[in-house]
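To start, the structure under review is shown below, and the notes come after it.
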Amino acid sequence: MGYQVVAQGPGSSQIVDKTVRTRAKWANGRWSVVIARTFKSVDSPNVIQLEPGQRSRFGIAIWEGGQQERGGLKAYSGDWLPLEIAGQ
């Protein structure tokens, strides 16, 4: 399981959904990650409702506790990543 987290600036992270499904695989020196959630998510002005055929952008943040990462100490995507929902 993973979390859907929203933030509007430093120190404002808030978990809005704990039902996000995740899967990761390490192969050939690279990670492959799948993140899945329902199209209709929690009712929040900061959470996008997804639809087939939609294009948007998203960001990723990863905390690695074994490296003493916590709170604002984390790895993150640094820029928005493209998201395209397959379908109509």
Long-range amide H partners of Asp17, meaning residues 5 or more apart or on another chain whose placed amide H is closer than 5 Å, are Gln4
Between Ser44 and Ile60, the two model label points (7 Å from Cα along the beta-carbon direction) sit apart by a distance in nm of 2.0
At the level of C-alpha centres, the distance separating segment 50-88 and segment 14-45, in angstrom, is 9
Candidates for log10 I(q)/I(0) by the Debye sum over Cα atoms at q = 0.11, 0.17, 0.18, 0.22 Å⁻¹ are (i) -0.28, -0.67, -0.75, -1.12; (ii) -0.36, -0.89, -1.00, -1.45; (iii) -0.32, -0.68, -0.74, -0.97, and the calculated one carries label (ii)
Excluding residues fewer than 8 positions from Lys40 in its own chain, the lysines with Cα under 19 Å of it are Lys18
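Within a Cβ distance under 11 Å of Val47, other residues only, what is the Lys/Arg minus Asp/Glu net charge?
Values: positive: Arg37, Lys40; negative: Asp17, Asp43.
Neighbour charge sum, excluding Val47 itself: 0.
Coordinate-derived values only; no laboratory data. Model, not experiment: these values are computed from the prediction. Cβ sites come from the backbone with ideal geometry, for glycine too, and all protein chains shown count toward neighbours.
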